[in-house]
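Reading through the structure tokens given below for one structure.
Readers should treat all values here as calculations from the given coordinates under stated rules, not as data from a laboratory. Predicted model only: the values in this text are computed from it and were never measured. Here Cβ is always computed from backbone atoms with ideal geometry, including for glycine, and neighbour counts include all displayed protein chains.
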Amino acid sequence: MKLILFGMPGVGKGTQAKILSQKHGAIHVSTGDMLRSNIQNGTPLGAMAKGYMDKGELVPDNLIIAMIEEILSSAKAKKGYVLDGFPRTVPQAQALETILWRANVPLDKAINIVVDEEEVVRRLSGRMTCPNCGAIYHKYNQPPKVENTCDHCGHVGLVQRHDDKEETVRHRLEVYHQNTEPVLEFYRKKGVIVDVDGAKPVEEVTASIEAIIQNGKV
Ligand code: AP5
């Protein structure tokens, strides 16, 4: 499976990417998670990225592209990949073409997860993540089995992301419309994009994506 998951912030890209990559033995490549891990580990890249991320702005293309090139050129990518949060600008999409060609791991399909903007704001304001393993929850839609405790690794103390405050979420949506929507057009022209209704429950969204895969489109 060699897949891109697209969509506005909060449509469920991370949730679906974790399920699909695990099920299909592909690597989950989340630029957001990679950047947050750099911030947590105090790396120079993390220090450069933090200001942009806290404001809901995009991190400069050259930093992101270098990070992606390293992982997609590794042997792990040969088994498959699910890209989550990349590419987000047309220059990133153009760079990705070259990276995939050089590494000989061509893209199968891009899935555009579609959810209404107000639902996205509601989802992000209730999102909680595990700072230890990155598992994603929602206060009401997907609460952990035991309050404030990760189902996957048992870590106590789920956290809200800094950029999930309503004001920052609304700015992230503006940035999406301005910079990332043109990327959809880039892939539509290539005929590799399929829209999926992301407003359905998590399992149903996964089933819709799996149906596309099973129909031989991926
Ligand atoms: P990133 O971490 O990529 O954030 P994002 O794209 O804004 O997306 P999110 O992680 O917020 O949402 P998601 O679609 O993954 O939804 P999730 O599954 O968590 O990027 C953060 C920042 O990093 C950017 O602003 C930028 O600064 C920087 N960055 C990253 N990549 C970059 C790049 N390529 N270039 C430049 N800068 C970059 O779900 C959300 C919530 O909804 C959860 O609570 C979940 O439980 C719930 N939920 C999920 N699915 C459903 C469902 N079907 N029904 C009900 N609830 C659901």
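Among Tyr52, Tyr140, Tyr81, the largest mean-square fluctuation in a Gaussian network model of the chain (Cα springs under 10 Å) belongs to Tyr140.
Pairs of Cα atoms in segment 106-218 fall into 5 Å distance bins, from 0 up to the last occupied one, in shares of 2, 10, 16, 16, 18, 18, 13, 6, 1, 0 percent. With the cut-off at 1.5 for a/c, could you classify the chain from its C-alpha gyration tensor as rounded, prolate or oblate? Because its axes are fairly even, with a/c under 1.5, the chain counts as rounded. Among the listed pairs Lys2/Lys23; Lys55/Lys109; Lys50/Lys200; Lys50/Lys165; Lys139/Lys165; Lys13/Lys50, a Cα-Cα separation exceeding 23 Å is found for Lys55/Lys109; Lys50/Lys200. This model, with +1 at the C-beta of Lys and Arg and -1 at the C-beta of Asp and Glu, gives the chain a dipole about its Cα centre of some 620 debye. Based on the Kirkwood approach, the hydrodynamic radius assigned to segment 78-153 is 15.5 Å, with every pair of different Cα atoms included. Simple spin-label estimate for Asn41 and Ala66 gives 1.5 nm between the two label positions (7 Å along the Cα-to-Cβ direction from each Cα).
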